[in-house]
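Below is one structure; the comments refer to it alone.
The values are calculated or read from the model by the stated rules, or taken from the named source; none is laboratory data. For clarity, every value in this text was computed on a predicted model and none was experimentally measured. Because the Cβ atoms are built from the backbone with ideal geometry, glycine has one as well, and the counts that use them run over all protein chains shown.
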Amino acid sequence: GVCFLIFPFQCSCDLPSMAASTTCLSLPCVSSVVVVVVSGASLASSSSSSLFSTAFPRRLSPVVSGSLRASVSPFVVGVLSSSSSLCGGVLDSSVLLSSSSSRVRTSSSSSSSSLLLWRGLTVQTMGVEMPGTRMAEELPKKMQEIVKMFQAVPDPRAKYEQLLYYAKQLKPLGKEYLTPENKVQGCVSQVWVRPSIGQDDKRFYFEAESDSLLTKGLAALLVEGLSGSTAQEILAVTPDFMQGLGLNQSLTPSRNNGFLNMLKLMQKKTLQLYMESQEAASASSISNPRELETPAVRETEADAAQDILESPEAENLSSEDSHVSSTRPIITKKAVIEEKLEEALTPTELEVEDVSYQHAGHSGVERGSTETHFNVKVVSESFEGRSLLKRHRLVYDLLKDELQTGGVHALSLITKTPREVTATGKS
Amino acid sequence: MQTLASLELVPNHTLRCFIQNWCEAHEGRAAVANHALAMAALQPASRKTWVARAVLSPPADAATGSLGELTRGDFPILNQEVNGFRLVYMDSAATSQKPTAVLDCLRNYYESYNANVHRGIHSLSARATDEYELARKKVANFINAPSDRDIIFTRNATESINLVAYTWGIANLGEGDEIVLSVAEHHSNIVPWQILAQKTGAVLRFIGLTPDECLDMEQLKETLNERTKLVSTFHVSNTLGCMNPIAEIVERAHKVGAKVLVDACQSVPHMPVDVQALGADFLVASSHKMCGPTGIGILYGKSTLLNDMPPFLGGGEMIADVFLDHSTYALSPSRFEAGTPAIGEAIGFGAAIDYLSNIGMDQIHAYEVELSKYLYENLSKVPGVKIYGPPPGPKGDARASLCAFNVEGIHATDLSTFLDQQHGVAIRSGHHCTQPLHRHLGINASARASAYFYNTVDEIDIFLKGLNDTISFFSSFN
């Protein structure tokens, strides 16, 4: 049977424990599928992540996992939410899940929400995406692991213990490095970071120190997560992932800013070191040395960082369309999306609408970022004979680059065949 | 404020017990709880009587509850949860909370008689002007200034000090003149003088602390000389909690021909302050630290001084006549109040003063002496704690109801974060705008818990319990 749990309120921290206790209750009723319906615009990523971690056997708190393991088949929870960015994440997860679903039920109430349910899927394939973790693919591997680990810890106090554990593990930084240049500004406590380049692998390593334990823990996260990465990987890290840790709710804004400033200082110093090493070395160690020399104006380090970051991106784009100039390609994501869908699906109708303004200010959306959310409507013959799931997955596959590295957070999709459109009489 | 005495009216014994138990469990919300709960339960006939009784019953006397318990209900903001815990607000030294009376006054101003002051003839403007000037009178009465013309409304105490520095300071200080401050001053009582010193060539002298962490009066005596033109110091320190003997300082300063400015931000909200008894030449205070709105503060100055001071900001209101090539200026206080003032806020400040006066500053001070003693004694018992400033003394009134402290081996920021996240207790950590003091004490930062008359001993207990839990949490990692 199917058991519906409906929480029509703004998501709060209590949700995971509520969900946990209710799922415990529902199991004896031999329901192998549980649907959790949550409506509310502000579904904070940490509570949603703990919700998911509570729902899935793999990372459960001991209380819930015991009873759930007693159940015969694992179950999957779908989330109905009026936040389209979360919905986009859920839809995205459908792409990652294996196709062993035996039954799919969809209901589309508004343009921004869909409810999807599967049976018999293993949790292993679940890489559920929440707004904060969408950026996870951009992170170095070690950072991703750390993010996942923190997400699996629902209790705030346990998160603190985890953080302090990291603080304890952090190697002390030599006194001679506690200089003003290495000091992080905007931190309520004192923090220093020091980068260095590995002799053999030319990758970047960090050390840090702080007088406050919690700040030291945060610094340790960054040190652990970023050490051993390349300059590109480090510079590609956006602060969004901090939400994924679920720590920002446990942190005051000033401390949060300290974390942000730590990351920025690490990135800035990485760039400095990198530039110095490039000047010293004759052979370039990045993929496209041309990009470093050609930009028209490079006034700030941010521009330089941008150039290094865009070298792989520029290559991708240049192979697909002809809009790339030798300096920075100015091309809208909307145009790229339209282009790709046109090419692959030859639609009779295609509408791509930029609705990022509706999501400005969402957690997980970096301030000032543009073209993050789109409404896409496609009417195409290619969808004939395909289930909704398959249609969405097709579109997502086509726009994989935009979603993973292009800064697009979510798509709200309407996928129809021409026949369906005329049948319903809607356009 | 209704008390349980009104419960006698409830006919049903079971119901009465139920209400009593409920109210005791929710102390502080007793007034609201009584009324609402009983209203729901009573028969129509008796409900009317209940309402009449509740409205007419007199405020409870001190015997039925502490000042904190009695006044809590007036502060709606205190009735909330943070991070799943009941809010315990121990940061009133940074800013105080506002009672419903002040909030209602602000709202009423904007709803009923908002109009520009001093200019219009029409009724609304006349009423606004009257209320604004009445607020000024209330301030003058509150600190016993000789005349309400001696009270200047500013944005806050910081602006008041800047006003003195840029007008009186520029006009009266020259090369080699000395300004005496202390190492424990708030930044707002240091930086304006630094800027003034740069402009005029004056010199700053700093008085240190005794081993007890009070102002070193001996050093002050030695530092005063005929070149001293101004002594500017705190009445009550926001970090050390110690109190300066202002009357004595004024006497000594006047002997050498120096003026005295008193930073009364932490004293006016907590105890009766009499500017004439102190003899201060200037005194500054902020409304937001004494249950009033933000954005309004005062400068008190002796009339003789104020009328000699050149203008601060130029513009409307502070003029007499304006020509193209020159203008003539109004007398004090208008001279220093350019542009449209924060009218609503000033009137709200007046309402705050009324609220405090109704309780009585002596009562408030007496209660805070108890809180101060309780806080200091019990905080000292926590192992590893170092509290800054002097002990409360035999009568308990030698320090304010605040404690800046450090716990050995744990950073102040860790303490305050954990207290907030895991206990709902709001304290401050950092340097509390007294960086030179922290350097003088040899520390990077400190935590500070400060109580006001709406805090209770129970809340201090919650804070201490939380602190102990925080310490054991962090200690287990070392």
(message) Yes or no: segment B:257-268 includes at least one residue that is in contact with a His (Cβ under 6 Å, 6 or more places away or on another chain) and assigned to a strand (DSSP E or B).
(response) yes
(message) So in segment A:148-170, with the set limited to residues that are at pLDDT below 90 and not in a helix (DSSP H, G or I), which one is farthest from the other protein chains (Cβ to nearest Cβ)?
(response) A:ALA152
(message) I'd like to verify a number: residues in segment A:361-399 that are within 30 Å of A:LEU245 (Cα to Cα) and either modelled with pLDDT of 85 or more or assigned to a loop (DSSP other than H, G, I, E, B) (or both), how many?
(response) 22
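Okay, residues lined up against (1) within 30 Å of B:GLU408 (Cβ to Cβ); (2) of a type in the set (Lys, Arg); (3) free of Cβ contacts under 8 Å to residues at least 12 places away in the same chain:
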position: B:ASP281; (1), (2), (3): no, no, no
position: B:GLY301; (1), (2), (3): no, no, no
position: B:MET309; (1), (2), (3): no, no, no
position: B:ASP321; (1), (2), (3): no, no, yes
position: B:HIS326; (1), (2), (3): no, no, yes
position: B:ALA330; (1), (2), (3): no, no, no
position: B:VAL369; (1), (2), (3): yes, no, no
position: B:ILE387; (1), (2), (3): yes, no, no
(message) Anything in segment B:429-443 that is within 11 Å of chain A (Cβ to nearest Cβ) and crowded, with 18+ Cβ neighbours inside 10 Å? List them, or say none.
(response) B:SER429, B:GLY430, B:HIS431
(message) Please verify whether B:ASN406 is within 14 Å of another protein chain (Cβ to nearest Cβ), of a type in the set (S, T, N, Q) and surrounded by fewer than 22 Cβ atoms within 10 Å (Cβ to Cβ), treating the condition exactly as stated.
(response) yes
(request) Can you tell me which residue among B:ILE347, B:ILE359, B:ILE353 is touching a residue at least 12 places away in the same chain (Cβ under 8 Å), surrounded by fewer than 21 Cβ atoms within 10 Å (Cβ to Cβ), closer than 25 Å to B:THR71 by Cα and β-branched (Val, Ile, Thr)? (result) B:ILE359
(message) Residues to consider are A:GLU176, A:GLU145; find the one that is away from chain B (no Cβ under 14 Å), over 21 Å from A:SER210 (Cβ atoms) and modelled with pLDDT of 85 or more.
(response) A:GLU145
(message) Going residue by residue through segment B:369-380, is there one that turns out to be of a type in the set (Asp, Glu), on the phi < 0 side of the Ramachandran plot and assigned to a helix (DSSP H, G or I)?
(response) yes
(request) Return the only residue of A:GLU402, A:GLU381 being crowded, with 18+ Cβ neighbours inside 10 Å and among the acidic types (Asp, Glu). (result) A:GLU402
(message) Quick check on segment A:182-233: of everything there that is within 14 Å of chain B (Cβ to nearest Cβ) and among the hydroxyl-bearing types (Ser, Thr, Tyr), which residue is nearest to B:HIS431 (Cα to Cα)?
(response) A:SER189
(request) For segment B:465-478, enumerate the residues that are more than 29 Å from the chain's Cα centre (by Cα) and either more than 14 Å from chain A (Cβ to nearest Cβ) or under 17 Å from B:SER92 (Cα atoms) (or both). (result) none
(message) Can you report the number of residues in segment B:269-280 which are assigned to a loop (DSSP other than H, G, I, E, B) and either surrounded by fewer than 24 Cβ atoms within 10 Å (Cβ to Cβ) or β-branched (Val, Ile, Thr) (or both)?
(response) 5
(message) Against the condition touching a Cys at 6+ places or on another chain (Cβ under 7 Å) and surrounded by 14 or more Cβ atoms within 10 Å (Cβ to Cβ), how does A:THR230 come out, does it pass?
(response) no
(message) Could you check segment B:447-458 and list, in sequence order, the residues that are more than 13 Å from chain A (Cβ to nearest Cβ) and surrounded by 22 or more Cβ atoms within 10 Å (Cβ to Cβ)?
(response) B:ARG448, B:ALA449, B:SER450, B:ALA451, B:TYR452, B:PHE453, B:TYR454, B:ASN455, B:THR456
(request) Test B:ILE462 against the criterion of being aliphatic (A, V, I, L, M), within 21 Å of the chain's Cα centre (by Cα) and either within 29 Å of B:GLY292 (Cα to Cα) or within 14 Å of chain A (Cβ to nearest Cβ) (or both), and give yes or no. (result) no
(message) Tell me the residue from B:ILE179, B:ILE151, B:ILE143 that is at pLDDT 95 or above and touching a Ser or Thr at 6+ places or on another chain (Cβ under 9 Å), please.
(response) B:ILE179
(message) If I filter segment B:451-474 for residues that are basic (Lys, Arg), under 30 Å from B:GLY360 (Cα atoms) and not in a loop (DSSP other than H, G, I, E, B), do I get at least one hit?
(response) no
(request) Name, by its number, the condition in (1) within 30 Å of B:ASP420 (Cα to Cα); (2) surrounded by fewer than 16 Cβ atoms within 10 Å (Cβ to Cβ); (3) at pLDDT 95 or above that does not hold for B:ALA184. (result) (2)
(request) Report yes if B:ASN156 is of a type outside the set (D, E, K, R) and surrounded by fewer than 17 Cβ atoms within 10 Å (Cβ to Cβ), otherwise no. (result) no
(request) Name every residue in segment B:366-386 that is crowded, with 21+ Cβ neighbours inside 10 Å and either charged (D, E, K, R) or closer than 14 Å to B:ARG448 by Cβ (or both), in order of residue number. (result) B:GLU368, B:SER372, B:LEU375, B:TYR376
(message) With in a helix (DSSP H, G or I), under 30 Å from B:ARG335 (Cα atoms) and free of Cβ contacts under 8 Å to residues at least 60 places away in the same chain as the only criterion, which of B:ARG136, B:ARG149, B:ARG107 stands out?
(response) B:ARG107
(message) Among the listed residues B:LYS395, B:LYS381, B:LYS386, B:LYS373, identify the single one that is among the basic types (Lys, Arg) and in contact with a Gly (Cβ under 8 Å, 6 or more places away or on another chain).
(response) B:LYS373
